[in-house]
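See below for the structure under consideration.
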Amino acid sequence: MAMLVLRGYVHSEIMADHRIRSEAATDTVPDKILQGGPVIDTRHGQTTSLRVPDHRLVLTFDDGPDPTWTPQVLDVLKKHHAHAVFFVTGTMTSRYPDLVRRMVAEGHEVGLHTFNHPDLSYQSKQRIDWELSQNQLAITGAAGVRTSLFRPPYSSFADAMDDRSWPVTEYIGSRGYITVVNTLDSEDWQKPGPAEIVRRATPKDGEGAIVLMHDSGGDRHQTVQALDRYLPRLQARGYRFDNLTEALGAPSALTPVTGADLWKGRAWIFLVRASDDLTDALGGCLALVGALVIARFALMLLLSAAHARRVRRPGFGWGPPVTGPVSVLVPAYNEAKCIENTVRSLMASEHPVEVVVVDDGSSDGTADLVEAMGLPGVRVVRQRNAGKPAALNRGIAHASHDLIVMMDGDTVFEPSTVRELVQPFGDPRVGAVAGNAKVGNRDSLIGAWQHIEYVMGFNLDRRMYDVLRCMPTIPGAVGAFRRSALEQVGGMSEDTLAEDTDITMALHRAGLRVVYAENARAWTEAPESVQQLWSQRYRWSYGTMQAIWKHRGALLDRGPSGRFGRVGLPLVSLFMVVAPLLAPLIDLFLLYGVIFGPTARTVVAWLGVLAIQAFCAAYAFRLDRERMTHLISLPLQQILYRQLMYVVLLQSWITALTGGRLRWQKLRRTGVVEAPAGPAPRDPAAAVSGPDLLSDPTVRRPVA
């Protein structure tokens, strides 16, 4: 941001003042100035006016240097062995210091033309001092010299000095500068043609003159053409083209700068160049992230539509209906406020289930609450606190069935969730199924933002990844696995903080299919404070990075693992790690454009991006059959919520790059998410009976 502000400052996007004063009276201007020459010296409390001797011409060029026209002007001057004076602005000098360095090296003089080119009659003395010092700093940094020449912006002839510009000229003199106006104005900025420019710049009867031209501020090809005619023509008439002090026979207006002042100038030029380079790089990154955002939205829309058509077409099915009982594992650590709602929702399931609550060393009586409920088909397994992966592995060992559903202790299922979740196992190639996690506490602003994120960011993504057959994450809140698949990959791993992403990637590498069941809905309690949200997303981001790094070997694998490595890992890395890190550039350039301009185009561009996001969000809400009213907060989410996610991801990057370690952080729950209405709990006998098409009779049962 500092570099962008510096760029705006140097490009006259900050503090620019384009007002121009109209003519005023001349009562306070001395007659010797009004009737005198174009060189006005008010230094040391004295007022002197000087003219250029006959047959001497001083060419002056204002508003440069310009990267296109100044080199051409210098080439013509060099061709005809002529010198000139370039009155340069600080903004252009800072951006093109090499041209000012060339001017001095080739014997030309440079003068101040202020930093931002304002009409100084409108400015305070402090602003005038700032314009002079910054202009001087730029010249020092560019060429290592200091100049005593100054030309006011919008100046013309000596007799045009008035009661508003004269006090400025006197003050300029008190700061040690000689003011230089002009005798002849070529008016080349009007582009009257090379011949007319030559005519206007030609003095009469061998008189000396200071001629005004421009090497910047627009198309100056006529100036260059006129100069190439003008110089030899006037030289043939006996004129010499000198810089100002040569023409006046005075010491050079340029003095070398050494020491701290020189290094300050060089530091300034370095920072300006760095700001331009960085802005160009940021602009390239902005184009990249824009392309990534559009590509992601296009992929999500196209592939999500394909997924919806596939699963909703008549006759679609995974295979034989799965009706056998399922083991549901509920790892719980201090979930006293939520666990009863969770267990009751499972008891209302339309599919036969056994429930295994693994109490991971809770200190709030979570296990006691479950046992006190006295529900049939519900078992409690206690262990010392060892973390969620260990609790899940303990639950797997105690599960009675080959199909295992995993959920969080703060989540509730709909009556149909388990049934919908296990139907894909009718296809023997499917090793795991991701469900549809939804935010239950969406009434708060933070909850509504997360609701949008879950529906648009997570579930729309899962549809896309399902079609591409590279699902990166089975949500911990609602997922199902074959026991054999879990055993094949060694169970839940403690290597990362995102055990759900880790196990999903491991299943892909083992050659198993992971699919998405959109109708298997689970309602989870999302964080309700910024601190809690930060903790959760920090763990998710860092854990995802760990999982990507852990499974990076898939890039070189063959078969299904290689497919995931060369399709899934790059997409996850690009869309979940790299692109979100670059996405703040959109907001950064939005802020820059609103403050420094062009404001209208910036706002329109940002609204265009927001419109694309709104369209994708609306489509995702339609697929999930959600009410569109929550999308009202989408613009605010893009402005505030995304900034928090950016900083979280940045912190995760820093943690990863510095080798830091992040521990699990327990989120505080309120228990506000309740089980949806459903049928009465099943009879316990029914919960464990019925044909189990996928059960393995050789599975060992746990011993109490």
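Comparison of GLY543, GLY559, GLY565, GLY511 shows that the only residue that is in contact with a helix residue (DSSP H, G or I) (Cβ under 7 Å, 6 or more places away or on another chain) and on the phi > 0 side of the Ramachandran plot is GLY511.
Being assigned to a helix (DSSP H, G or I) and either over 28 Å from MET407 (Cβ atoms) or basic (Lys, Arg) (or both) is a condition met by no residue of region 511-526.
If I filter region 312-333 for residues that are assigned to a helix (DSSP H, G or I), modelled with pLDDT under 95 and within 44 Å of the chain's Cα centre (by Cα), do I get at least one hit? Yes, region 312-333 contains a residue that is assigned to a helix (DSSP H, G or I), modelled with pLDDT under 95 and within 44 Å of the chain's Cα centre (by Cα). For region 522-541, the condition of being surrounded by 23 or more Cβ atoms within 10 Å (Cβ to Cβ) and under 20 Å from the mean Cα position of the chain (by Cα) holds for at least one residue. When the test is whether a residue is more than 20 Å from ALA158 (Cβ to Cβ) and outside the structural domain of THR91 (by TED's automatic domain parsing), LEU262 passes it.
Is it the case that some residue within region 68-80 is modelled with pLDDT under 95, buried (at least 16 other Cβ atoms within 10 Å of the Cβ) and not assigned by TED's automatic domain parsing to the domain that holds LEU590? Checked against the condition, which is being modelled with pLDDT under 95, buried (at least 16 other Cβ atoms within 10 Å of the Cβ) and not assigned by TED's automatic domain parsing to the domain that holds LEU590, region 68-80 yields no hits at all. Evaluated against (1) modelled with pLDDT under 95; (2) surrounded by fewer than 24 Cβ atoms within 10 Å (Cβ to Cβ); (3) not aromatic (Phe, Trp, Tyr), ARG483 falls short on exactly one condition, (1).
Test of understanding: among SER275, SER304, which residue is in contact with a Lys or Arg (Cβ under 8 Å, 6 or more places away or on another chain), of a type in the set (S, T, N, Q), closer than 30 Å to LEU571 by Cβ and in contact (Cβ under 8 Å) with a residue 40 or more places away in the chain?
Details: SER275 fails: closer than 30 Å to LEU571 by Cβ.
After applying the criteria, what remains is SER304.
Screening HIS117 against (1) assigned to a helix (DSSP H, G or I); (2) within 33 Å of the chain's Cα centre (by Cα); (3) not polar (S, T, N, Q) leaves a single unmet condition, (1). In the set (1) surrounded by fewer than 21 Cβ atoms within 10 Å (Cβ to Cβ); (2) over 30 Å from ARG622 (Cβ atoms), ASP360 fails one condition alone, (1). Does region 422-438 contain any residue that is over 16 Å from THR524 (Cα atoms), at pLDDT 90 or above and among the charged types (D, E, K, R)? Taking every residue of region 422-438 in turn, at least one turns out to be over 16 Å from THR524 (Cα atoms), at pLDDT 90 or above and among the charged types (D, E, K, R).
Checking the stated criteria, PRO352 turns out to be farther than 19 Å from ILE474 by Cβ and crowded, with 23+ Cβ neighbours inside 10 Å. Taking GLU528, is it touching a His at 6+ places or on another chain (Cβ under 9 Å), touching a residue at least 12 places away in the same chain (Cβ under 8 Å) and either of a type in the set (D, E, K, R) or closer than 20 Å to GLY284 by Cα (or both)? So GLU528 does not fit the description; no. If you take the residues of region 401-415 that are in contact with a Lys or Arg (Cβ under 6 Å, 6 or more places away or on another chain) and more than 19 Å from THR504 (Cα to Cα), which of them is modelled with the highest pLDDT? Per the criteria, the residue is GLU414. Each residue in region 100-113 was checked for being within 27 Å of MET15 (Cα to Cα) and surrounded by fewer than 24 Cβ atoms within 10 Å (Cβ to Cβ), and 1 pass.
Criterion first (crowded, with 17+ Cβ neighbours inside 10 Å and at pLDDT 95 or above) does THR279 satisfy it?
On the way: crowded, with 17+ Cβ neighbours inside 10 Å: yes; at pLDDT 95 or above: no.
Against the criterion (crowded, with 17+ Cβ neighbours inside 10 Å and at pLDDT 95 or above), THR279 does not qualify.
When you look at GLY206, is it in the same structural domain as THR147 (by TED's automatic domain parsing) and modelled with pLDDT under 95, yes or no? So GLY206 passes the test. In the set TYR230, TYR239, which member is without any contact (Cβ under 8 Å) to a residue 40 or more places away in the chain and surrounded by 14 or more Cβ atoms within 10 Å (Cβ to Cβ)? Exactly one of TYR230, TYR239 is without any contact (Cβ under 8 Å) to a residue 40 or more places away in the chain and surrounded by 14 or more Cβ atoms within 10 Å (Cβ to Cβ), namely TYR230.
Taking THR245, is it surrounded by fewer than 18 Cβ atoms within 10 Å (Cβ to Cβ), of a type in the set (Val, Ile, Thr) and at pLDDT 95 or above? For THR245, the condition - surrounded by fewer than 18 Cβ atoms within 10 Å (Cβ to Cβ), of a type in the set (Val, Ile, Thr) and at pLDDT 95 or above - is not met. ASN385 falls short on exactly one of the conditions (1) more than 44 Å from the chain's Cα centre (by Cα); (2) touching a residue at least 40 places away in the same chain (Cβ under 8 Å), and that condition is (1). Within region 442-481, the set of residues being under 21 Å from GLU528 (Cβ atoms), outside any helix (DSSP H, G or I) and not small (Gly, Ala, Ser) comprises ARG442, ASP443, PRO475, VAL478.
Against the test of being within 21 Å of TYR171 (Cβ to Cβ), of a type in the set (Lys, Arg) and part of a helix (DSSP H, G or I), the options ARG102, ARG127 yield a single qualifying residue, ARG127.
The values are calculated or read from the model by the stated rules, or taken from the named source; none is laboratory data. Since the model is a prediction, treat every value here as computed from it, not as a measurement. Using ideal geometry, Cβ is built from the backbone for each residue, glycine included, and neighbour counts are taken over all protein chains shown.
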